[in-house]
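The values are calculated or read from the model by the stated rules, or taken from the named source; none is laboratory data. Please read these numbers as outputs of a predicted model, since none were measured by experiment. No Cβ is skipped: glycine too gets one built from the backbone with ideal geometry, and neighbour counts run over all protein chains shown. The protein model used for the area step is the full one, side chains on, heavy atoms only, and it has no ligands, DNA or RNA in it. Shrake-Rupley method; radii C 1.70, N 1.55, O 1.52, S 1.80 Å.
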Amino acid sequence: MKTLAIIDYGMGNLHSVSKAVELVAPDTRVLVTSDPAQIREADRVILPGVGAIRDCMAEILRLGVDDLVREVSADRPLLGICVGMQALMSRSEENGWVDCINLFPSEVRFFGNHLKEGDVRLKVPHMGWNEVYQTTDHPVWHNIPDGDRFYFVHSYYAEAEGNPDIAGRTHYGIDIAAAVARDNIFAVQFHPEKSHRAGLQLLKNFVQWTGA
Amino acid sequence: MALAKRIIPCLDVEKGRVVKGVNFVDIRDAGDPVEVARKYNEQGADEITFLDITASHESRDTTYETVERMASEVFIPLTVGGGIRTVDDIRKLLNAGADKVAINTAAVFNPDFVREAADRFGSQCIVVSIDAKRVSGEGEPPRWEIFTHGGRKPTGLDAIEWALKMTDMGAGELLLTSMDRDGTKSGFDLALTRAISDAVAVPVIASGGVGELQHLADGIILGGADAVLAASIFHFGQFSIPEAKAFMKAQGIEVRD
């Protein structure tokens, strides 16, 4: 039986992610764990995350999750979700600039309190269902219509423009990276576990993806 | 193409059962919140809000258990409110599978609680419920005040100032209910919705008074809300979520199909 480890570094609810994976991949053993041995043995890994980056990175460093993520992503698929995606970037403007794991070169920026689309002011957090346009042909996008909506909730983003690893683009005042991908890593700003059909399809694709 | 405006059915839950009744033809147990939520999920609801209206100490365990069951079967965002007073209450609800929690009375009595909660769990999961009632007379400039205890107790707090204070404290979203309109089916208080929505930088959910589909569209177009919440028009099968979305779309509102 294949196993999937969801890295538990104490930041928020992992119940929804594990239940969603169990639903789409009934023959995969899903472990929510902080045990490095279990994570090393898993066939694929999810790095989730909610809350503020300072606290997330503090726990990631304290538990050695940064090295573990670098290690396991070298030879098996890894999915980053929301702050779990942001943690893979070089650094984040949140909490007065926090250094992140730096597997992707992008910086994570604040939407700001004066975000606009034409004359219309946009609310921050970017909260709700927005369209994701696929910019690469990737197995994780399999059977998901281009432009399908996913659920977002975030105030910080990685920029789409000039992003060498962009896999999906969403517009909210500016173009943001909804997804990035390189080698064995696929990471999304939205919450697939809360994105109904499209999100469940994405998780199913991830479980079937064998990596680069 | 942009962010979709959200339609949020709301379940009032007492001791683990949906109250005020739900009347769907193809549902086995209309009182089970998980069944009702699953039905709305299938219909394409954008989120579910679960209000624990007893919120007594004894019913908490039932609530955690219900939230856990719901989060195992319904893969859209879930907000849980009712009787949240401590950081520990929030932690338990988030661990059970809630994505957001709605804080109401506790914020009025202890505004710092909102800051503490947002610092601890992130603004993205802290919704502050605002129950407001118009206190200005005919012909006066409109003014709304915050009420507690189901609209019975005035607090002397101005609704707009309060909304700004709550977002300063870290609320990531406001659930705005007009106590004048709640249960009347005469539509949202659009002046209130517009005033709060224009004042704050965070998303606003309009609530209280929906009786027909035009009210939902008005909440977005005239009230400037980012999401609309309703209970009875959906519960009794008067309208389905797809009908509401088709209606809103026909008025030019961006919705998720």
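Tabulated values for the structure
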item	result
Size of electric dipole in the protein assembly as shown: Cβ of Lys, Arg +1 and of Asp, Glu -1, about Cα centre, debye, nearest 20	480 debye
Estimated D of the protein assembly as shown in µm² per second, where Rh is the Kirkwood radius over Cα pairs and Stokes-Einstein applies at 37 °C, 0.692 mPa s	147 µm²/s
Length-normalised contact order of chain A in % [C-alpha pairs under 8 Å, at least 6 apart]	20 percent
Cut-off under 5 Å, modelled amide H: who pairs with B:Val19 long-range	B:Asp12, B:Val13, B:Glu14
Under 5 Å, built H, 5+ apart or other chain: amide partners of A:Arg91	A:Cys100, A:Val108
Candidate residues A:Lys19, A:Lys204: accessible-area rank, largest first, probe 1.4 Å	A:Lys204, A:Lys19
Computed FRET value (nearest 0.05) for A:Glu117 with A:Glu159, which takes r as the C-beta separation and R₀ as 22 Å	0.85
For the range A:80-133 and the range B:179-257, distance of Cα centres in Å	28 Å
Quotient of Cα Rg and 2.2 N^0.38 Å for the range B:39-180, N being how many residues it contains	1.09
Cβ charges +1 (Lys, Arg) and -1 (Asp, Glu), total dipole of chain A, debye	440 debye
Carbon + sulfur, % of accessible area of the protein assembly as shown - ligands and nucleic acids excluded, 1.4 Å	47 percent
Euclidean distance between Cα centres, the range A:1-60 to the range B:86-164, Å	33 Å
Amide H partners (placed H, <5 Å) of B:Ala230, local residues excluded	B:Ile8, B:Cys10
Nearest-20 debye value, chain B charge dipole, Cβ charges on Lys, Arg, Asp, Glu	120 debye
Relative contact order (%) - criterion: Cα under 8 Å, at least six apart; region: the range B:110-155	24 percent
Kirkwood hydrodynamic radius of the range B:156-201, Cα pairs, Å	11.4 Å
Cα pair distances exceeding 28 angstrom across chain B, given as percent	28 percent
In Hz, Karplus ³J(HN,Hα) per residue of the range A:51-61 (6.51, -1.76, 1.60; θ = phi - 60°; x = Gly, Pro)	x, 8, 5, 4, 5, 4, 5, 4, 6, 4, 6
Ratio Rg/Rh [Cα only; Rh per Kirkwood] for the range A:2-208	0.94
Residues A:Gln38 and B:Ala191, FRET efficiency given R0 of 56 Å [Cβ-Cβ distance, rounded to 0.05]	0.50
Solvent accessible area, Å² - B:Ile8, 1.4 Å probe, full protein context	0 Å²
Kirkwood-based Rg to Rh ratio, the range B:186-257, C-alpha trace	0.96
